[in-house]
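The values are calculated or read from the model by the stated rules, or taken from the named source; none is laboratory data. Note that the structure is predicted; figures quoted are calculated from it, not measured. Backbone-built Cβ (ideal geometry, glycine too); neighbour counts: all protein chains shown. The protein model used for the area step is the full one, side chains on, heavy atoms only, and it has no ligands, DNA or RNA in it. Shrake-Rupley method; radii C 1.70, N 1.55, O 1.52, S 1.80 Å.
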Amino acid sequence: MSRIFLLLLALLPAPAVSRVVDVHSDIRIARSGELSVAERITLEVDDRQPHSVLLRELRGAVTVGDVIRNGYPEPWVLEPWSDGARLRIGKPGEALPHGRHTYQIAYRSDGQVRFLDRHDELQWRLGPAERVTVEIVLPVSVPAREIKADAGKDAQSFVRDGRAAFRSMRAIAPHEEVAVVVRFPKNVVERPRIDRRGLLAVLVLLGLAAAALYRLKVLSAR
């Protein structure tokens with residue numbers, strides 16, 4: 001699951017802090033299962049606790065397109081992290097001006113759709129932010145009655161043909177595990193096929209390794 005963190009230049013004893021006001025994620029699922037994600041993150045920066053770098057933890061195999069702050073390209077670095085990547089946005093040691101800042105992030109992510117026995121699903125983590133909205137669009141038109149959205153008690157869900165939307169009912173604090181799930185029929189997304197050439201290469205290598213071990217055993221027995 002993905003998370004957002006703020007890196008502060010100094011942790012000062014001040015009553016107000018930089019905060020994540022709003023997060024919106026627009027997620028489009030391709031037939032291949034790859035996600036095209038466009039996110040909008042709005043920060044309110046307090047100069048008594050200046051914000052330096054925004055960290056966005058992303059799941060799956062990730063390719064980043066654009067990172068924009070207030071309409072202009074923002075420097076970023078993609079780092080390995082757990083089961084995905086960590087997107088580090090901004091210049092370390094350089095504080096943002098006091099006030100509101102809006103980030104727009106576009107990236108692609110693969111390997112997040114779960115293929116189950118009776119249906120397939122995508123799980124998405126909300127926030128953290130004071131307000132969170134998510135819209136998930138399927139690759140083909142699917143009747144609303146065949147789409148199931150599970151938002152739990154912390155969010156509302158809305159289902160239309162081919163898509164599901166979620167809205168948080170309260171502020172989501174950092175490190176909270178609040179997730180929503182959209183379930184849809186089989187074959188809406190193509191299940192990944194086994195790479196036969198890759199499998200054959202692995203089998204060949206295993207065969208060569210077995211032959212080498214057998215030869216070593218024979219030679220040592222003489």
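Which ³J(HN,Hα) values in Hz, rounded to whole numbers, follow from the phi angles of segment 151-164 under the Karplus curve 6.51 cos²θ - 1.76 cosθ + 1.60, where θ = phi - 60° and Gly and Pro get x?
Listing the rounded values in order: 10, x, 8, 9, 8, 9, 10, 9, 10, 10, 4, x, 7, 9 Hz.
Could you look at segment 37-181 and say what percent of its accessible area is carbon and sulfur, using a 1.4 Å probe and all protein chains?
Working: 3430 of 7170 Å².
It is 48 percent, rounded to a whole number.
Would you mind checking which residues have amide H under 5 Å from A129's amide H? H placed 1.01 Å from N; only 5 or more apart, or other chain.
Here the answer is I172, since their amide H atoms fall under 5 Å of that of A129.
What residues qualify as long-range amide H neighbours of M169, i.e. H under 5 Å apart, gap of 5 or more or another chain, H built at 1.01 Å from N?
Correct list: A155, Q156.
What net charge is computed for the residues neighbouring S157, neighbours being all others with C-beta under 10 Å from the C-beta of S157, Lys and Arg scored +1, Asp and Glu -1? Each step should come with its number before you reach the end.
Numbers: positive: K148, R167; negative: D150.
My count for the surroundings of S157 gives +1.
Report the FRET efficiency, 1/(1 + (r/R0)^6), for R28 and H175, where r is their Cβ-Cβ distance and R0 is 25 Å, rounded to 0.05. Kindly include the intermediate steps, with their values, before the conclusion.
Values: r = 28 Å, r/R0 = 1.13.
It comes to 0.35.
Considering amide H positions built from the backbone, and no H for Pro or chain starts, which residues 5 or more places from W81, or on another chain, come under 5 Å of its amide H?
Here the answer is R86, since their amide H atoms fall under 5 Å of that of W81.
Got a sec to turn the phi values of segment 56-65 into Karplus ³J(HN,Hα) couplings, 6.51 cos²θ - 1.76 cosθ + 1.60 with θ = phi - 60°, whole Hz, x for Gly and Pro?
The phi angles translate into 10, 8, 10, 8, x, 7, 10, 10, 8, x Hz.
Evaluate the charge dipole of segment 60-120 about its Cα centre and quote only its size in Debye, nearest 20, assuming +1 on the Cβ of each Lys and Arg and -1 on the Cβ of each Asp and Glu.
My answer is approximately 200 debye.
In the full protein assembly as shown, how much of V23 is accessible to a 1.4 Å probe, in Å² to the nearest 10?
0
Explain nothing, just the number: dipole magnitude of segment 70-178 about its Cα centre with +1 on each Lys and Arg Cβ and -1 on each Asp and Glu Cβ, in debye rounded to the nearest 20. Display every interim value, and only then the final one.
Numbers: 16 positive and 16 negative charges, 64 e Å.
Roughly 300 debye, rounded to the nearest 20.
For a test of the definition: using alpha carbon positions, the gyration tensor, and the 1.5 limit on a/c, classify segment 26-111 as rounded, prolate or oblate.
Working: a/c = 2.70, a/b = 1.86, b/c = 1.45.
Here segment 26-111 falls in the prolate category.
Bin width 5 Å, origin at 0, all Cα-Cα pairs of segment 63-179: what percent of pairs per bin?
2, 8, 14, 18, 20, 18, 11, 5, 2, 1, 0
Output the peptides 26-32, 58-64, 76-82, 127-133 sorted from most to least packed, where packing is the average of other Cβ atoms within 10 Å over each peptide's residues.
127-133, 58-64, 26-32, 76-82
Residue by residue, what Karplus-based ³J(HN,Hα) values in Hz, rounded to whole numbers, does segment 166-180 have, using 6.51, -1.76 and 1.60 with θ = phi - 60° and x for Gly and Pro?
Residue by residue, segment 166-180 yields 9, 9, 5, 9, 7, 5, 9, 7, x, 6, 7, 9, 10, 10, 10 Hz.
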